[in-house]
Amino acid sequence: MGKVTGFLEIDRQVAKYEPASDRIRHFREFTIPLEDPEIAKQAARCMDCGIPYCHGPQGCPIHNQIPDWNDLVYNNNWEEAIRNLHSTNNFPEFTGRICPAPCEEACTLNLEDVPVAIKTIEQAIADKAYEMGYVRPYPPAHKTGKRVAVIGSGPAGMAAAQQLGRAGHDVHVFEREAKIGGLMRYGIPDFKMEKHFIDRRIEQMEGEGVTFHTLVNVGVDKTLADLQAEFDAILYCGGSERPRDPAIPGADLDGVHIAMDFLVQQNKRVGQENSIASVAWNNEPIVAGGKHVVVVGGGDTASDCIGTAFRQGAVKVTQLDIRPEPPEKEDKLTVWPFWATKMRTSSSQAEGAIRDFQIATLEFVGEDGKLTHVKCCEVDDKRQPVAGTEFFIRADLAFIAIGFAGPYEDAGLIAELGDRIEMNTDRRGNRSVAANDRDYRTSVDKLYVAGDCRRGQSLVVWAIREGRQAARAIDEALMGETVLPR
């Protein structure tokens, strides 16, 4: 390890933000990176635990070897640090920006609320690697002659494609939108991750022999039968994009929208695409400037709507969360090293959102077909309405951000396959394509599945894990053996 007493002598520091009054005026990233000497000091705080919970299953789904690269950063060995990080994570510049960092929750020092700044260090390693020229194409020494199609270019599809390309297969990625990246490009605002990071990885992967096809909606523009005739294996990484049904009266009013309709449009504007038109999302222009906005939901997507609305010039943004207000501090001894329920304030929420907890959305109310108010009430601990607590919030726009229920089944690949493909349904009614997490095979010949469309709505880091594991399974099935890591 780097410095034996580092965690005793050095205070935790993470990257700071531009003031909210400045950052809401643009869509760029607004973190202020730490200098290299400070990053080294933060890496020195790692305890090199006997049992490193940070990269166990409760800390890091892809098992980043965090103590190892902390020590390498402390010793100024950036090249070996990025090599180590890339051995488990294809895209650390993505996760270093948008992962909620369960590794820090699992850090032993989090028992004292001062975990190692793992996410900050990870991002620094990735950015330094680009700066020093360590990120470059690694084409395979030999080609296998096998061809693999990847449907969907989110983090699962990109990770699988890179692994399979490096194994020597001829890999083709099919994306229905105009640019590669899936909801990582179209769902995550640029103020959280600028999209040139995706573009740089695309360039690297093209240098490794991966071919990208955009504006191809498999199941519509190209059938699975076509792919089965052309390819030896097909990996479906279509994501979990079907919004959960809110079952709220008035949801059809003008001004009420699914959150992703709003986010996809703005990402297309920021990306300077020729049109905000999308294959899957509403193409009617949605702009929050000068409006009173209500966001229904308490997760990351809701937070992204808040930040986007402020940057578009919203007058007021109110967030409604049906869950009780969480405690300021968790009981460490009953929760650690797992993710804790506690009060968390995102950068977007800190920009001025009004947050109301234990509130149910009863109805969207309007005049002449247009939204004017949101009718709400308080709920008890069992989420049941409390009589006599009804109230109204003025709203010109409302965004529903209550999660996703699975992949679309009435369009695209799953619609084409119909009863031929086996689906799972969980206790909440969420749907997913059936396959295990060992071989990732579906019930359809040559077809594998990975990512959110298999495991349900989840984190980017879980998608990367599934993509990597599915790539190994496909390589082994095609070649009889594999050197790809699981």
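Of all DSSP beta bridges confined to the chain, the antiparallel ones make up roughly 40%. Taken along the Cα-to-beta-carbon direction at a fixed 7 Å, the label points for K329 and E208 span 4.4 nm. Approximating the spin labels as points 7 Å out from Cα along Cα→Cβ, the Y130-to-A225 distance works out to 4.4 nm.
Just the number, please: carbon plus sulfur as a percent of the accessible area of the chain, 1.4 Å probe, no ligands or DNA/RNA counted. The nonpolar share, carbon plus sulfur, comes to 48 percent. Ranking F310, W462, G290 by how far each Cα lies toward the positive end of the dipole of the chain (charges on Cβ) leaves W462 at the top. If one computes the Cα centroid of the range 1-74 and of the range 133-196, what distance in Å separates the two points? Value for the Cα centre distance between the two parts: 27 Å.
Once Rg and the Kirkwood radius are both taken over the C-alpha atoms of the range 50-137, their ratio Rg/Rh works out to 0.95.
Taking all protein chains together, V293, V135 sort by accessible area into V135, V293, largest first [probe 1.4 Å]. Between V4 and S443, the contour length at 0.36 nm per residue exceeds the Cα-Cα span by 152.8 nm. Note on exposure: I98, I125 ranked by accessible area (1.4 Å probe, complete protein assembly) read I98, I125, with the most exposed listed first.
Kindly identify the range 1-107 as rounded, prolate or oblate by the Cα gyration tensor criterion: order the square roots of the eigenvalues as a ≥ b ≥ c, call it rounded if a/c is under 1.5, otherwise compare a/b with b/c, prolate if a/b is larger, else oblate. The shape class here is prolate.
Computed from backbone phi with θ = phi - 60° and the Karplus coefficients 6.51, -1.76 and 1.60, the 3J(HN,Hα) list for the range 157-167 is x, 5, 5, 5, 4, 5, 5, 5, x, 5, 7 Hz; x is used for glycine and proline.
Here the contact order of the range 156-313, divided by its residue count and restricted to Cα pairs under 8 Å and six or more residues apart, works out to 25 percent.
Packing, as the average of other Cβ atoms within 10 Å across residues, places the peptides 48-54, 8-14, 264-270 in the order 264-270, 48-54, 8-14, highest first.
Find the relative contact order for the chain and round it to a whole percent, using C-alpha pairs within less than 8 Å whose residues are 6+ positions apart. Reported relative contact order: 16 percent. Each residue was assigned an accessible area with a 1.4 Å probe, and for F174 the value is about 10 Å². Rg and Dmax over the alpha-carbon atoms of the range 263-342 stand at 17.0, 53 Å. The convex hull of the Cα atoms of the range 300-432, projected and averaged over all directions, covers 12.5 nm². Rounded, prolate or oblate: which fits the range 425-486 when a ≥ b ≥ c are the square roots of the eigenvalues of the alpha-carbon gyration tensor, with rounded for a/c under 1.5 and prolate only if a/b beats b/c? Oblate, since a/c reaches 1.5 and b/c is not below a/b. Summing Lys and Arg as +1 and Asp and Glu as -1 over all other residues whose Cβ lies under 12 Å from the Cβ of Q204 gives a net charge of -1.
To the nearest Å, what is the center-to-center distance of the range 254-298 and the range 405-440, using C-alpha atoms only? Centre-to-centre (Cα) distance: 27 Å. Over all Cα atoms in the chain, the spread is summed up by Rg and Dmax: 22.9, 72 Å. Can you compute the helix-only [θ] at 222 nm over the chain? Use -39500 (n - 2.57) per DSSP H run of at least 4 residues, normalise by all residues, nearest 500 deg cm²/dmol. Taking each H run of at least 4 residues, the total per residue is -9000 deg cm²/dmol. Peptides 18-26, 357-365 ordered by packing proxy, namely the average of other Cβ atoms within 10 Å per residue, highest first: 357-365, 18-26. In nm, give the distance between the simple-model label positions of Q58 and R25, each being 7 Å from the Cα along the Cα-to-Cβ direction. Each label point lies 7 Å from its Cα, and together they span 4.6 nm.
The values are calculated or read from the model by the stated rules, or taken from the named source; none is laboratory data. Since this is a predicted model, take the numbers as computed values, not measurements. Because the Cβ atoms are built from the backbone with ideal geometry, glycine has one as well, and the counts that use them run over all protein chains shown. These area figures cover heavy atoms from the full protein model, side chains too; ligands, DNA and RNA do not enter into them. Shrake-Rupley method; radii C 1.70, N 1.55, O 1.52, S 1.80 Å.
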